[in-house]
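Let me begin by presenting the structure, written as structure tokens, before commenting on it.
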Amino acid sequence: HFGGPFGEVTPKTIDYFARRAKGGAGLIITGGTEFFAFPVSRLGSFGGLSIAEDRFKAGMYDLTEAVHAYGAKIFLQLSHSGRTQSSSSLHGLQPVSSSAVGAALPGEAEVFPVPRALTRGEIYEFIERWAQGALRAKMAGFDGVDLHMAHGTLMTSFISPLFNKRTDEFGGSLDNRMRFPMAVVRRIKELCGADFPVSVRFSADEFKEGGVRPDGEGKLIAQMFEQAGADCINISSGLYDNLHLSNDIMRHEEGWKRYIWRTIKEAVKIPVIACGGLRTPEFCETILAEGDADFVGLGRTLIADPDWPAKALEGRSEDIRRCYSCLLCLKTLFDRGAPRCAVNPEYGREKDFGILKPAENPKKVMVIGAGPAGMEAARVAALRGHEVSLYDKNAELGGQLVIAAAPPGKQKMLWLRDYQKGQLEKLGVKIELGKEVTPEFVHASGPDVVIIATGSNPLIPDIPGIRNKNVVTARDVLAKKVILTTQRVIVAGGGMVGLETAEFLLEQGNKVVVVEMLPVIAADMEPLNRQGLLEALQGRDITILTGMKIVEIAENGVLAIDRENNKRFIEGDAVVLALGAI
């Protein structure tokens with residue numbers, strides 16, 4: 001997502017992929033690349049690349065040369081959004097698909113308008129355009145192409161019975177639904193040569209009733225791509241309608257999709273790539289050793305640590321900075337158009353932060369606060385050659401990471417704490433825990449530089465009764481300074497912290513009521529992890545009240561008002577504050 005406004009390769013594009021090649025990746029597959037701007041591509045508007053015209057080849061060649069310089073191979077992924085093209089990029093035009101099947105999620109219709117069905121003539125034009133895009137990729141030095149036919153894109157709409165409602169030769173039976181995608185593979189082979197590799201990425205499990213499943217049409221689809229001449233199956237899963245399953249959110253266990261990879265691997269003779277939430281070399285080795293796949297696909301894993309392959313090869317798993325699936329990369333992309341990573345500040349700024357220069361004049365550095373920010377500041381300062389001391393008044397490292405990792409499904413967040421701790425120990429950073437730093441202590445220690453990373457405090461608004469004994473903060477609950485069990489608990493605030501604390505309280509056997517002033521809950525969360533959290537709360541002993549403001553707290557509950565100033569008293573034994581931070 002670092003392409004230019006028209007889909008051209010930029011220096012950032014090259015910096016990003018070259019850094020992953022330098023880190024030891026054997027094969028790099030780019031993000032979805034436009035090969036035919038019809039009717040209007042959304043890829044360019046989100047920093048995607050284009051190979052739709054010859055003028056893009058020069059930049060692509062610069063990219064492949066940069067990757068090849070480190071010994072890696074690179075495939076260009078060719079994609080068309082189809083029905084998943086957003087209205088903001090359509091400029092009033094209608095998206096295209098196999099059939100006029102609209103959005104499946106509430107509220108999604110505003111984002112993804114109802115598409116129109118491609119005509120037979122347009123389908124044959126697409127086949128040729130796809131192949132021409134592959135030929136340009138070959139001429140630009142790519143080692144092969146990956147055809148994106150997953151997640152609800154144009155080709156998914158033909159392959160999947162959920163979307164393909166056609167009655168001509170491109171709809172109905174699986175043979176008919178596969179006619180278009182198989183023709184693309186064959187035409188690329190004709191145009192680019194039998195020795196030019198073609199990988200196909202499709203959703204082998206769509207996670208929907210009536211959709212593609214691995215032990216049903218999934219394995220048959222893989223076999224048909226193999227018959228058409230594909231050299232590799234890049235196994236994916238899910239649709240835009242259930243992206244929290246496709247993208248592997250934080251609460252998913254590593255390898256939960258293993259049954260998909262194994263089923264497809266057993267169905268074909270060509271290699272298969274397993275991907276989706278893979279984070280540790282040890283688990284990845286079991287995937288290969290037990291024959292569930294031939295290649296391990298790492299996406300966000302290499303965003304978090306581009307040196308993952310080299311560290312795995314050298315047996316340095318403890319030095320790997322693991323992605324914990326917070327999906328900030330996606331959230332920042334769609335919010336700001338500039339994706340960032342929560343654990344790797346170098347991501348997207350490889351040229352600025354990629355090389356740490358040794359300090360010309362090493363200094364004595366004191367870092368106050370051993371949360372993620374303080375630990376990172378200490379790590380980087382030590383890497384540059386400074387003499388670093390790290391202090392925290394708590395008895396353990398991690399700061400608010402420890403609290404953030406307490407709710408169900410959040411334990412992966414401690415991966416960052418553990419990585420930073422290991423690096424600080426290797427770098428010889430002096431760590432003092434249980435030490436409250438005072439101005440007098442700073443003066444006595446005589447540091448050249450003081451870095452303050454002491455974090456925030458819970459917001460305690462001026463509400464009548466807020467100092468009552470039955471009122472506690474979400475932080476104290478998650479830190480287990482306050483234990484609530486089998487009680488009626490009112491959570492004040494239905495943002496991310498409030499809702500995650502509610503799930504934590506449910507695990508302790510409490511009955512929970514969440515009171516949120518906004519009309520929606522967890523609006524501050526990354527959308528896919530939010531969807532996973534909401535699903536986890538379904539059927540539990542929890543009541544969620546939105547559009548209500550707490551105006552008074554009593555010993556036996558709270559008084560709240562709605563937007564029309566209607567009052568409601570909510571009974572409860574305890575009130576947990578999750579109203580933000582300062």
Which of the residues spanning region 523-540 are within 22 Å of residue 572 (Cα to Cα), touching a helix residue (DSSP H, G or I) at 6+ places or on another chain (Cβ under 9 Å) and either of a type outside the set (Lys, Arg) or open to solvent by less than 20 Å² (accessible area, probe 1.4 Å) (or both)? 537
Condition set surrounded by 22 or more Cβ atoms within 10 Å (Cβ to Cβ) and over 20 Å from the mean Cα position of the chain (by Cα), scope region 20-58, selection modelled with the lowest pLDDT: answer is 41
Given the condition under 21 Å from residue 476 (Cβ atoms) and more than 27 Å from the chain's Cα centre (by Cα), answer yes or no: does some residue in region 518-541 qualify? no
Return the residue satisfying two criteria in turn: it lies in region 439-468 and is free of Cβ contacts under 8 Å to residues at least 12 places away in the same chain and closer than 21 Å to residue 552 by Cα, and of such residues it is most open to solvent (accessible area, probe 1.4 Å). 467
Taking into account only those residues within region 266-298 that are part of a helix (DSSP H, G or I) and touching a Phe, Trp or Tyr at 6+ places or on another chain (Cβ under 9 Å), which is most open to solvent (accessible area, probe 1.4 Å)? 288
For region 541-550, how many residues are open to solvent by 50 Å² or more (accessible area, probe 1.4 Å), of a type outside the set (Lys, Arg) and either more than 11 Å from residue 517 (Cβ to Cβ) or touching a strand residue (DSSP E or B) at 6+ places or on another chain (Cβ under 6 Å) (or both)? 3
Please work out if residue 248 is acidic (Asp, Glu) and buried (at least 22 other Cβ atoms within 10 Å of the Cβ). yes
Residue pairs meeting the criteria (Cβ under 8 Å; at least 6 apart or on separate chains; first within 18 Å of residue 442 (Cβ to Cβ), in region 385-397; second charged (D, E, K, R) and open to solvent by 90 Å² or more (accessible area, probe 1.4 Å)): 386/363; 387/363; 388/430; 389/430; 390/430; 393/436
Name every residue in region 299-315 that is of a type in the set (D, E, K, R), open to solvent by less than 50 Å² (accessible area, probe 1.4 Å) and part of a loop (DSSP other than H, G, I, E, B), in order of residue number. 305, 307
A careful count of residues in region 379-399 that are among the small types (Gly, Ala, Ser), open to solvent by less than 40 Å² (accessible area, probe 1.4 Å) and either touching a helix residue (DSSP H, G or I) at 6+ places or on another chain (Cβ under 6 Å) or more than 18 Å from residue 418 (Cβ to Cβ) (or both) gives 4
Out of 472, 489, 514, 558, I need the residue that is free of Cβ contacts under 8 Å to residues at least 40 places away in the same chain, touching a strand residue (DSSP E or B) at 6+ places or on another chain (Cβ under 7 Å) and in a strand (DSSP E or B). Which one? 514
Any residue that is surrounded by 21 or more Cβ atoms within 10 Å (Cβ to Cβ) and touching a helix residue (DSSP H, G or I) at 6+ places or on another chain (Cβ under 9 Å) - is there at least one of those in region 101-110? no
Region 555-582, residues that are farther than 15 Å from residue 499 by Cβ, surrounded by fewer than 16 Cβ atoms within 10 Å (Cβ to Cβ) and small (Gly, Ala, Ser): 581
Here the residues within region 252-304 that are more than 28 Å from residue 414 (Cα to Cα) and hydroxyl-bearing (Ser, Thr, Tyr) are 263
Taking region 400-416, which residues are crowded, with 19+ Cβ neighbours inside 10 Å and of a type in the set (Val, Ile, Thr)? 403
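The values are calculated or read from the model by the stated rules, or taken from the named source; none is laboratory data. Everything numeric here is computed off the predicted structure, so don't read it as measured data. Every residue, glycine as well, gets a Cβ built from its backbone with ideal geometry; the counts of neighbours run over all protein chains shown. To get the accessible areas, we keep the full protein, side chains included, count just its heavy atoms, and leave off ligands, DNA and RNA. Shrake-Rupley method; radii C 1.70, N 1.55, O 1.52, S 1.80 Å.
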